[in-house]
Amino acid sequence: MLRTLILVLVSFSSQVLYGNYRAAQRDFVKGNYRKAAARFFQVMNYPKVRGDKIKSEWGLARSLQKLGFYYSASKYYSVIVRRGVSKQNIFFRKAFEQLGEINSTVNLGQSHIVQLLKTRVTPSRIPGAARGFYFHYQGVEAFYSKGYSKARAAFRKVPAGSSYYTKSLFYLGILANMDKLYGRAISYFMKVKSNADTEWQQEIANLNIARVHYEAKRYRQALRFYAEIPRESDNWLQALFEGAWAFFLMKKYNNTLGNIHTFHSPFFINRFYPETYVLQAITFLNLCRYDNVKLSIQNFKKRYTPVFKDLRKLINRYRGDYSKFFVLIKKYRKGSLNSYKHAHAILDSLSRRDLYKEALTTIRFATREIDRLEDASRMWLVSGLIDELKTFLVKKRSVAMNNAGVKLIRGAQESVEYLTELYNQTRFIKAELLLGKVDKLRSLLRVTSAEKKVRFIGGMQEITIKSDLEFWPFENEYWEDELGGYVYDIVSSCKK
Amino acid sequence: MGNKTYCRIVVLCVGVLFFAVPGLSAPRQEYQINVIRPKFFVKKSRTEVGADLAAVLNQTFTYTYLLSGAIVYHLTDSLGLGVTGAYGLTVNKEDRDVLKDRFSITVDIFATEWIAESSLLWTPVYGKYQLASGRLVYFDTYVSLGFGMMGISIRKKERGNDDPVDYPYSCYSPVIGAGQRFYLSKKTSLRWQIRDHIILYNGKRCAPAAAEENEPEFSYYHTIVTQVGISYFM
C-alpha cells in the first residue's frame, strides 16, 4: 500500500515538474498562444523526452511570434540557428526563414545578426526564403570590414524576389562606383529606383546617381539628379551642398555662392556644414574678391571655434560611457538638452545617422515588449518565462545603446578631425593671401571649363525658354520658401 | 542765431540723416543676391472658375445681395479674360419704411436684379505674406475693365399717384474694378473684389410717368459691388 502510494506520488510530481509537450501543442493549435508559450517554456527547461527540447524551442518561438513578441521570438530562433545544420536540428531552415521575416518587420540589430552569421553553414543549406537575409547581411558585414570582393559576391547571391534585393543593389552600386565602373553603378542605382518601396530609397538612389555623375565629372547630369531631391527630404541639404561643389567645378560661381547662402541662414543654425565656409572662401578667391575671402574665413572661425571647445569637452566626458552619450543625443533630439550648446550642430548630425535611428528602433521595440510582459499571464510568471525574456530584452536594449554610443562617439571624434582639417585649410588660405601668393593658391584649385551655354536658376534647375520664373531680391531677410533658390549676381574682380 | 549755432544744427541734421536713413551709412554691397525659381502659382493657360457672394455698397435704402459666378481664362500670368453673371435679391432697409410711414416720403429705389458682363483682368502685382504661424500666403492684385449689362428695377412714384411703381430697366454698363486673390494651394484661392458698374440712366425714356419735368435727360448712377468668394483653377 505504502509502495503504491509512493509510486503514485512520484508519477504525479513528474507530471507537474516535466512539461507536457502535447498539451502545449494543443494550446498552440487552438490559438491559445499565451498558454502554449508557458507550456513550451516548461518543456524546454524540463523535457521528458530528448527531442522535446528542440521541438519546444521552436514551439515557444512560434508562440511568442504569434503574440507579437518579435525580439523575444528571435532569441529562441537564434538558438536553433546557432546550433547549425544537423539531423537533430530539424527546425534550422524554418528558424532561419522566420528570423529573416522578423528582421523585415523589426530590425534585429547589427550585433544580433553578426552573431547569427558566425554559424558555420554551407551556403547551399540556407533555405530559399532566408537566402536574401543571409547573403545581404554577410555582404554588409564584409563591406564594413573592407572585404569588398567578398561583399560583392555575397550581394550578388541575394535573390531578386527577396525583400533584401533592393538594399543589396544599393551596395552593389556603391562598390561599382568605388571601382570606377560608373555605367554599372548607375544601372544598379536605376534598378534601386525602379524597385524602391519607399520615397527614402528613391531619394538615396537619386543622390547616389548624382554622385556617380559627379565622380565621372559629368556635373550637369549630376545636378539634374541633385535637383530631384525634394525640399522636405532629410537628404535635401546634403544634395544642395554637393550641388554647390558641382557648380564650383563648372565655374558657375554665382550658383555656388547661391547654394551656400542657404546654409548660412538662421533656419540651419543647428546643421553641421562647416565646409560651406571654405567653399565660399575659395569661390570668392576665384573671383578675386579678397575681402570676401577674409570675411568667409572670419565667419568660419567665429562659428566653429566655440564648437571645438564644447566638442572636446563632450568627448572627454563621455569617452567610455557610451550608453550615456546615446542618451545625451536622445535628449538633444527631444529638445531638452541645455548644455553643450555650441556642439548642438554635431549632435544634430549624429542623430540623423542611420545607426542612431536603427538603435532607437531596437530600443523602442525592446521597451515595448518589456512593458507588455508586465501584463503577461500568471503562468508566465510562475514558469520563469517573464524573467528570462526580461533579462534578454534589457540586455538587448543595453547592447544596442552601447554599440550605437561607441560608433556615435567615434563620429564625434571624426567631426573634430574634420573641423581641424578645415581650420588648417582656412589658415593656409589666409597665410597665402597675406603673403600675396594669390595666383599660386588659385592654381591649386584646378577647375574644368564650364558648359557656358547652360544656365541655372535656384533649386539647381536649368533655365529653359518655357520657364515661368519668379524673382525676389534678397534684402537681409530669409524666407523659408526661398531657401535653396538663391543665385548671386556677382562679377569677377580679376584683372584679365 | 549765430553762425556757429547754425553750423551745429546743419551738422546735426546731416548726421541724423546719415545714420537714420538706411543705405546712406551702411557699406555699399557690390553684388546682389536674388531668388530665381519657378513660380509657385502659374495662371497662364489655366481656367479659373469662381463663385462669390456680393453686396451692393452704395444703396441708401435697400440691401442688395447677389450670388455671382465667374469663368476667367488666363492668357498669361498677368492677363485674363472673364465672364461674370450675378443674380440678386433686394431687401428694404428700415429707414425706407420709417420715412414712408412716419413722414410720407417715398424714396426712389434702384434695385439691382442681375448682372452679366465680360472683362479684361490685368494682374500687375504678385506677392507673399508671412502669417504669425510662419505659414506663407501668396497673393496677387488685379484690376479689371469690362462691359456688360445690368438689369435693375426702378421703383418711383408716378406724378399724381401716391403709390410707387416698378419699372424694369436693363442697360449697358461699363465696369471697372480691382481685387485680390489669396492662394490656398496650387489649385484654389480665396478672392475678393470691388467693382463699379456705371449706369447711364435716361429717366424720361425708362419711366416717363414718373420723370420729373426738370429731370436731366441722362444721368449716371454708380453701383458699387463688393464680392468675396472662392475660385478653383483647372
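Of the Cα atoms belonging to the protein assembly as shown, the radius of gyration and Dmax stand at 39.1, 141 Å. Accessible area of the range B:44-233 with a 1.4 Å probe: how many percent of it is carbon plus sulfur? C and S fraction of accessible area: 61 percent. Report the Stokes-Einstein translational diffusion coefficient (µm² s⁻¹, integer) for the range A:92-146, Rh taken as the Kirkwood radius over Cα pairs, at 25 °C with viscosity 0.890 mPa s. Here the translational diffusion coefficient equals 215 µm²/s. The alpha-carbon of residue A:407 sits under 17 angstrom from the alpha-carbons of these aspartates and glutamates, leaving out residues fewer than 8 places away in its chain: A:141, A:321, A:348, A:354, A:358, A:417. Take the range A:269-446 with all the other protein chains still there, run a 1.4 Å probe, and you get 51 Å² of accessible area per residue. Take each peptide in B:132-138, B:166-172, A:104-110, count the other Cβ atoms within 10 Å of every residue, and average; sorted highest first, the result is A:104-110, B:166-172, B:132-138. Net charge within 14 Å of residue A:399 by Cβ-Cβ distance, Lys/Arg positive one each and Asp/Glu negative one each, not counting residue A:399 itself? Taking every other residue near residue A:399 into account, the sum is +4.
Annotation: amide H-H contacts under 5 Å for residue B:39 (H modelled 1.01 Å from N, sequence separation of 5 or more, or interchain): A:468, A:469, A:470. Solvent-free Debye calculation, one equal scatterer per alpha-carbon of the range B:44-233: log10 I(q)/I(0) at 0.14, 0.15 Å⁻¹ equals -0.82, -0.89. Taking every protein chain into account, the accessible area of the range A:139-206 amounts to 52 square angstrom per residue (probe 1.4 Å). Accessible area ranking (1.4 Å probe, heavy atoms, ligands and nucleic acids excluded), largest first, for A:309, A:430: A:309, A:430.
Too long at a 21 Å Cα-Cα cut-off: which of A:252/A:430; A:324/A:396; B:100/B:157; A:35/A:55? As for pairs spanning more than 21 Å Cα to Cα, those are A:252/A:430. Close amide H partners of residue B:170, meaning residues 5 or more places away or on another chain with modelled amide H under 5 Å apart, are B:152. For the chain pair A and B, buried accessible area totals roughly 2300 Å², probe 1.4 Å, rounded to the nearest 100.
Per-residue mean of foreign Cβ neighbours for B:127-136 is 2 (Cβ atoms of other chains, 10 Å radius).
Legend: mean number of C-beta atoms from other chains within 10 angstrom of residue C-beta atoms, peptide A:453-463, equals 2. Overall, the accessible surface of the range A:269-446 at a probe of 1.4 angstrom is composed of carbon and sulfur to the extent of 51 percent.
Take each peptide in A:53-64, A:291-302, B:106-117, count the other Cβ atoms within 10 Å of every residue, and average; sorted highest first, the result is A:53-64, B:106-117, A:291-302.
Give, ordered by residue number, each residue of the range B:30-75 whose 1.4 Å probe accessible area is reduced by a minimum of 50 Å² on adding the remaining protein chains to the chain alone. Going by heavy-atom accessible area, the residues of the range B:30-75 that drop by at least 50 Å² are B:31, B:32, B:33, B:34, B:35, B:36, B:37, B:38. The sum of -39500 (n - 2.57) across all DSSP H runs of n ≥ 4, divided by the residue count of chain A, sets its helix-only mean residue ellipticity at 222 nm to -22000 deg cm²/dmol. Accessible surface calculations at 1.4 Å, restricted to protein heavy atoms, place the range B:44-233 at 53 Å² per residue. Got a number for carbon plus sulfur as a percent of the range A:113-229's accessible area, 1.4 Å probe? For the range A:113-229, the apolar C and S fraction of the accessible surface comes to 49 percent. Computed over the alpha-carbon pairs of the range A:242-310, the distance histogram in 10 Å steps reads 21, 52, 24, 2 percent, short to long.
The values are calculated or read from the model by the stated rules, or taken from the named source; none is laboratory data. Everything numeric here is computed off the predicted structure, so don't read it as measured data. Positions of Cβ are backbone-derived with ideal geometry, glycine not excepted, and every protein chain shown enters the neighbour counts. Heavy atoms of the whole protein, side chains included, go into the accessibility calculation; ligands, DNA and RNA do not. Shrake-Rupley method; radii C 1.70, N 1.55, O 1.52, S 1.80 Å.
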